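Have a look at the structure below, then the notes.
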Amino acid sequence: MKLALITHVPHIIRENRYYAYGPYVKEMNLWFQYVDTVLLVAPIQDGAISAIDLPYQHSKIDFRVVPAFSLLSVKEIVKTIIHLPRIVCATYIAMRDADHIHLRCPGNMGLVACLVQMLFPKKNKTAKYAGNWDPKSKQPWSYRLQKWILENTWLTRNMKVLVYGEWENASSNIVPFFTATYRDSDKKEVPLRTLDTTINLLFVGTLSKGKRPLYAVQLTEALLRSGYAVRLEVYGEGTERENLENYIRDNALQHYIILHGNQEAEIVEKAYQKSHFLILPSQSEGWPKVVAEAMFWGCVPVATRVSCVPTMLDNGKRGILLSMSVAEDRMLMEQCLASPADYRERARLGMEWSRQFTLDYFESEIQKMLRK
């Protein structure tokens with residue numbers, strides 16, 4: 001089987017191997033197990049391979065390189081117009097030659113692919129919509145357009161659109177889905193944390209404005225000011241790092257908040273296992289893997305009410321839903337800390353729920369998608 005993969009994710013080429021963002025590559029390697037050839041349409045970038053980049057695991061990858069593009073400025077729009085024929089042509093040829101078409105959305109390449117796939121109504125197709133599918137959420141017009149095309153059963157045929165969460169009035173194209181990190185064999189026993197020691201808090205993710213890591217720092221600071229022995233460890237890199245460093249220094253928080261940068265998955269896994277709470281104040285998510293990962297190891301998520309997060313947390317029974325008011329969220333955490341039984345129950349329920357969604361289950365569902 002030939003699989004056409006169209007994605008906006010930038011790739012780095014080293015010694016004839018293709019590296020990209022680790023969590024995405026891990027997922028695609030699962031798809032690649034069941035295909036003979038991959039026709040990859042994606043941009044490349046220069047630069048060093050980071051700690052969170054991984055290579056594809058497949059011997060037959062036919063990489064059709066296209067330029068990265070955007071519509072964020074007049075200059076970028078002009079460049080896009082110039083490159084668009086090449087991008088559309090590469091996408092069309094890959095889809096024409098493939099047995100199964102797989103789109104990664106939302107993104108600029110996803111938008112092109114959504115339009116081109118309409119020319120292949122009889123081919124089997126899947127699309128992974130990795131963003132927030134909530135129809136009520138505010139999103140860029142290009143994201144809304146992609147969602148409208150994908151959900152439209154007249155424009156988009158023989159397509160299964162894998163989305164996070166279950167949404168009312170969804171078309172027959174839409175399939176509630178999930179993502180996974182761990183296998184059934186990883187389900188080792190982890191003792192639930194007690195609350196009679198330092199409370200370990202955790203942030204895992206890109207240090208960007210959208211992820212709002214500063215809010216995790218401020219919430220930690222509020223708990224410290226209330227007399228709680230807490231410690232926050234931050235894993236990730238991004239443009240907000242300097243702001244975080246300045247805030248930590250200006251407020252004398254160096255002994256309580258540690259910025260680790262990007263680290264290997266094994267190190268982050270150990271952090272989940274020793275932490276009491278994961279804090280994720282993100283503005284937008286699809287299926288936040290860090291939430292499911294934390295729950296897998298008995299770490300209670302404290303996250304915003306976006307996308308399918310309320311479902312993941314069972315509206316607060318498996319975690320804490322942030323209000324994005326430091327004072328209110330500090331009180332919510334204090335209420336949980338005041339009741340060790342309540343804390344342990346949330347941790348237990350979260351672990352029980354998260355351990356349903358393993359890579360073994362994920363693989364079996366992918367096989368079904370590719371057979372159709």
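In terms of its alpha-carbon gyration tensor, the range 185-354 comes out rounded; the largest-to-smallest axis ratio a/c stays below the 1.5 threshold.
Using a ≥ b ≥ c from the Cα gyration tensor of the chain (square roots of the eigenvalues), is it rounded, prolate or oblate, where a/c under 1.5 gives rounded and otherwise the larger of a/b and b/c decides, a/b for prolate? In terms of gyration-tensor shape, prolate. Applied to the range 245-255, the Karplus parametrisation 6.51 cos²θ - 1.76 cosθ + 1.60 on θ = phi - 60° returns per-residue 3J(HN,Hα) values of 4, 5, 5, 4, 5, 5, 10, 6, 10, 4, 7 Hz, with x for Gly and Pro.
Once you order the gyration tensor axes a ≥ b ≥ c over the Cα atoms, which shape class does the range 158-225 get: rounded for a/c under 1.5, otherwise prolate or oblate by comparing a/b with b/c? Oblate, because a/c is 1.5 or more while a/b does not exceed b/c. The packing ranking of peptides 207-219, 178-190, highest mean first, is 207-219, 178-190, where packing means the average number of other beta carbon atoms within 10 angstrom of each residue.
The alpha carbon centroids of the range 54-109 and the range 283-357 are separated by 37 Å.
For the options 137, 275, 307, a Gaussian network treatment of the chain with springs between C-alpha atoms closer than 10 Å singles out 137 as fluctuating the most.
For the range 185-354, a simple Cβ point-charge model (Lys and Arg +1, Asp and Glu -1, everything else neutral) yields a dipole of about 220 debye relative to the Cα centre.
For the range 1-98, applying the loop criterion from DSSP together with a ceiling of 10 other beta carbons within 10 Å to the GluC sites (Glu not before Pro) yields 15.
Dividing the summed helix terms, -39500 (n - 2.57) for each DSSP H run of n ≥ 4, by the number of residues in the chain produces a 222 nm estimate of -11500 deg cm²/dmol to the nearest 500.
Here the chain carries DSSP beta bridges of which approximately 10% are antiparallel, counting only pairs with both residues inside.
Every number here is computed from the coordinates shown, using simple stated rules; none is lab data. Since the model is a prediction, treat every value here as computed from it, not as a measurement. A quick note on method: Cβ atoms are made from the backbone with ideal geometry, for glycine too, and the neighbour counts reach across all protein chains shown.
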